[in-house]
1. Checking the cross-link filter: which lysines have an alpha carbon closer than 24 Å to that of Lys58, excluding same-chain neighbours under 8 positions apart?
2. Over segment 7-100, what relative contact order in percent results from Cα pairs under 8 Å that are six or more residues apart?
3. By average Cβ neighbour count within 10 Å, what is the ranking of 78-88, 6-16 from highest down?
4. Straight-line reach from Lys65: which aspartates and glutamates have Cα under 20 Å away, leaving out those fewer than 8 places along the same chain?
5. When the scattering of segment 7-100 is computed by the Debye formula from its Cα atoms alone, each counted once and equally, what is log10 I(q)/I(0) at q = 0.13, 0.16, 0.21, 0.22 Å⁻¹?
6. Using the Cα centre of segment 7-100 as the reference point, and only Cβ charges (+1 on K/R, -1 on D/E), how large is the resulting charge dipole? Debye, rounded to the nearest 20.
Amino acid sequence: MFYPNTYLIMEVAHQSQVKNVDVCEDDIHMGYEPQSELELIEPGKPSLERLVGTLCGKAALHQFKKGDLVAVCLRHRGYTDNGELVNHIIIEDIKFVKDLDYLYL
């Protein structure tokens, strides 16, 4: 479970290529926005558990590198698609972390 305005310190494992995605709301075409997927793991340890979140807008245009430390604020959206439960994680905010000793969010 994710809590609003709570940041997690994560390490970037991979970022997908940026795609322009059609954005619609209630059957109204709102235009296109850049999106990319960011794969994150717990920092400092090899982890089999990976979290994949969607970066939207300007944040998706920035290219993160493997090993970058970031602080992320996440939003979870669950819905049913053709009878299957889908969990979608959206990265609401992302910040580079340079020094964990002096981290203020």
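1. Partners found: Lys19, Lys66, Lys95, Lys98.
2. On the way: 194 pairs, mean separation 27.2, N = 94.
The value is 29 percent.
3. Working: 78-88: 8.1, 6-16: 16.8.
Descending mean neighbour count gives 6-16, 78-88.
4. Straight-distance partners of Lys65: Glu11, Glu37, Glu39, Glu42, Glu49, Glu92, Asp93, Asp99.
5. Results for segment 7-100 at q = 0.13, 0.16, 0.21, 0.22 Å⁻¹ read -0.49, -0.71, -1.10, -1.17.
6. Details: 10 positive and 16 negative charges, 107 e Å.
Charge dipole, segment 7-100, about its Cα centre: 520 debye, nearest 20.
None of the figures in this text is laboratory data; all of them are computed from the coordinates on show. Keep in mind that what you see is a predicted model, and the values were worked out from it rather than measured. Cβ sites come from the backbone with ideal geometry, for glycine too, and all protein chains shown count toward neighbours.
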